[in-house]
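The values are calculated or read from the model by the stated rules, or taken from the named source; none is laboratory data. Treat the numbers as computed from the prediction; the structure is a model and nothing was measured. Here the Cβ positions follow ideal geometry from the backbone for every residue, glycine too, while neighbour counts run over all protein chains shown.
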Amino acid sequence: MFRRGFLPPIGSLVAFECAARHESFSRAAEELHLTQGAISRQIRALEEIVGVALFERVRQRVVLSEAGRAYLADVRRSLGELGDATHRVMGFAGTRGVLELAVLPTFGARWLVPRLARFLVLNPEVTVNLAARIEPFDFAADPFDAAIHVGQPVWAGGVLEHLMDEEVVPVARPDWLAARGLATPADLAGLPLLHQSTRPSAWADWFASVGVATDAAWRGPRFDQFSMVAEAAACGLGAALVPRFLIEEELASGRLAILFPVPLATRSAYYVVHPASKGRSALLRAFEEWIVAAAKGGAG
């Protein structure tokens, strides 16, 4: 809950932010298409509300006071959040609803987006907004209707539904593979291995699954996302372990080839999650039913 007595006019806050950014009332006036006197009056009115000086005059220019610097960070964040909220609500115009989804970057780009048109055909006049998030977050603090999660089925305050388990396959660029003449999994031990940063033991687990003992499983460059790992492999930087469903296009086009038909089932799985604190809208329910069916191999 907010207290109305502590809400200054938004025009005064905009004038304050602009003057602070320029360290000049006159330049703030130019940007906001006001007079310098109008900027001064708005700043003065704001200072009367907060009861402290927000600016100090130093050699014919204005600089933020200590209180002004502390206030500026909060004002900027609040103005940004208000602008974002306004932009989001404008997205409802001409639609039957808007879904705000937090997605894993590679999952979103390589699996969800190529299939999303199917959902939109079934749900016309719906807008689906996607934003990248890697780690679980607080639904109460971030305005998302649902998220895609990978790992264990744990999310504080969230209701999770299983989409798919994860299976990684060893892949490389075909000509890279041909030039090295790999005959057995053990031959990989002496070659460059590409790693996904959050899965440091993946190659060690894969070698163990095929009965190869090697210290080389921990060597090689690390990349933050699977999309980077896949692209590095496709560019001939080495061999990679990547979830098969994330590289369907590369396998179909021949940019990547599976080295050995020995996949590795990881301990991770993918889930769709929504906040437990509020009920699902009909639109969110439709999306979750669709994505679960699509993940299980349904027509979607």
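Given the condition closer than 27 Å to T86 by Cβ, among the basic types (K, R) and outside any loop (DSSP other than H, G, I, E, B), answer yes or no: does some residue in region 16-32 qualify?
Yes, some residue in region 16-32 is closer than 27 Å to T86 by Cβ, among the basic types (K, R) and outside any loop (DSSP other than H, G, I, E, B).
State whether the residues of region 228-241 include one that is more than 26 Å from the chain's Cα centre (by Cα), crowded, with 20+ Cβ neighbours inside 10 Å and not in a loop (DSSP other than H, G, I, E, B).
Yes, there is a match, as at least one residue in region 228-241 is more than 26 Å from the chain's Cα centre (by Cα), crowded, with 20+ Cβ neighbours inside 10 Å and not in a loop (DSSP other than H, G, I, E, B).
Tell me, please, whether a residue that is touching a strand residue (DSSP E or B) at 6+ places or on another chain (Cβ under 6 Å) and part of a strand (DSSP E or B) can be found in region 279-295.
no
Between A67, A85, A93, which is modelled with pLDDT of 90 or more and either surrounded by fewer than 17 Cβ atoms within 10 Å (Cβ to Cβ) or not in a helix (DSSP H, G or I) (or both)?
The unique qualifying residue is A67.
May I ask you to list pairs of residues, at least six apart or on different chains, whose Cβ atoms are under 8 Å apart, with the first in region 230-252 being in the same structural domain as R219 (by TED's automatic domain parsing) and the second being in a helix (DSSP H, G or I) and among the acidic types (D, E)?
That search, which allows pairs on different chains as well, returns A230/E250; A234/E250; G236/D175.
Restricting to region 240-272, name every residue that is over 19 Å from V113 (Cβ atoms) and in contact with a Phe, Trp or Tyr (Cβ under 8 Å, 6 or more places away or on another chain).
Filtering region 240-272 for residues over 19 Å from V113 (Cβ atoms) gives 240-241, 254, 256-269.
Passing the criteria: L241, V262, L264.
Run down E56, E30 and say which single residue is surrounded by fewer than 13 Cβ atoms within 10 Å (Cβ to Cβ) and either in the same structural domain as G80 (by TED's automatic domain parsing) or in contact with a Leu (Cβ under 6 Å, 6 or more places away or on another chain) (or both). Spell out how you get there, then give the answer.
On the way: E30 fails: surrounded by fewer than 13 Cβ atoms within 10 Å (Cβ to Cβ).
Answer to the selection: E56.
Scan region 170-180 and tell me whether some residue there is acidic (D, E) and touching a residue at least 60 places away in the same chain (Cβ under 8 Å).
Yes, the conditions are met somewhere in region 170-180.
In the list E125, E161, E167, which residue meets the criterion of being out of contact with any strand residue (DSSP E or B) (no Cβ under 7 Å at 6 or more places or on another chain) and of a type in the set (D, E, K, R)?
Within the list E125, E161, E167, the selection yields E125.
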